1. Can you tell me, using C-alpha contacts under 8 Å and at least 6 residues apart, the relative contact order of the range 66-221 as a whole percent?
2. Can you bin the range 75-117 into rounded, prolate or oblate? Criterion: square roots of the alpha carbon gyration tensor eigenvalues sorted a ≥ b ≥ c, rounded for a/c under 1.5, prolate for a/b above b/c, oblate for the rest.
3. Using 1/(1 + (r/R0)^6) with R0 = 35 angstrom and r between the beta carbons of residue 111 and residue 186, what's the FRET efficiency to the nearest 0.05?
4. Less than 11 Å Cβ to Cβ from residue 172, Lys/Arg counted +1 and Asp/Glu -1: what total charge do the surrounding residues give?
5. Do any of 98/230; 20/107; 20/237 go past 22 Å between their Cα atoms, and which?
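Nothing in this text is a laboratory measurement; each read-out follows from the coordinates by a stated rule. Note that the structure is a prediction, hence the values are computed from the model and not measured. Every residue, glycine as well, gets a Cβ built from its backbone with ideal geometry; the counts of neighbours run over all protein chains shown.
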Amino acid sequence: AIALFAVGRNEELNQKTVNKRVIVMLQAMRGAGAVIELKKGDWPKTVENQVEIYGSEELKRFFAECDQRERLLFQVFLFTGFRSREVATLSWDDVDWKAGSMVVRRKSELRFTPKSYEERSVPVPGALIAAMKKLRRLNQNSHLVFHTPPHPKRPKYGGDKPDAHALEACKGVAYRAGLNCGHCKTKLGKCSTGPHCKRWYLHKLRHTFATNMLQSGLDIRSLQVLLGHKNIATTEKYLKSLRLGDLRDKIEQSTLVAFL
């Protein structure tokens with residue numbers, strides 16, 4: 001367990017991810033008959049981070065800078081709440097044209113299994129389905145919606161394989177749109193000089209989807225199904241950010257404002 005904690009920190013993983021690895025290791029070793037005294041609560045505690053979402057103005061600038069393929073790729077992230085691997089393995093068979101929805105399902109040939117083994121179907125706007133139809137007419141050589149683009153000098157590169165570069169593309173669009181914070185320092189460089197900003201990442205689109213669904217009146221149980229959460233406690237973290245937003249008007253109307 002101590003070795004796993006050390007390796008996780010060397011890999012710059014957050015403490016919650018490291019703790020999950022330790023739990024999996026403990027379960028496997030105990031299942032094999034090992035007697036281990038370490039129990040829940042014996043490892044470092046974690047801080048529940050506040051949910052971060054993209055604002056409407058940020059998204060407008062972001063999508064204005066996208067090319068046709070990038071726009072559709074990130075619209076799928078934004079309107080489905082799919083995780084990165086769920087989008088990367090999305091196939092044309094997963095698009096229900098009549099129902100206007102997209103499905104997450106297991107794909108053994110791609111070594112993909114939905115998190116918590118939760119297969120699900122998510123309704124999407126009709127305009128997104130229409131855009132998907134246009135892309136399909138241009139992309140008939142692959143069963144994947146977002147396959148790896150062919151390389152001009154590497155004939156065996158790309159083809160009918162999931163595109164693993166969506167995160168880099170997201171950061172690239174943000175940089176071109178002038179949305180970088182200018183303060184991030186990563187192994188690849190400073191975000192003031194390149195597409196390295198930590199504020200721009202794919203899972204934040206999932207947070208934005210979830211928060212906006214709640215703001216639109218969707219109930220928490222339905223959101224749990226759309227996000228594929230096994231435990232509703234995981235979904236409830238979006239209620240916290242929603243409630244903070246609802247407090248804004250009350251704060252502005254407070255009698256304390258008179259003292260500013």
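1. Relative CO of the range 66-221 lands at 22 percent.
2. The shape class here is oblate.
3. Working: r = 28 Å, r/R0 = 0.81.
With a Förster radius of 35 Å, E is 0.80.
4. -2
5. Working: 98/230 28 Å; 20/107 24 Å; 20/237 19 Å.
Pairs exceeding the cut-off: 98/230; 20/107.
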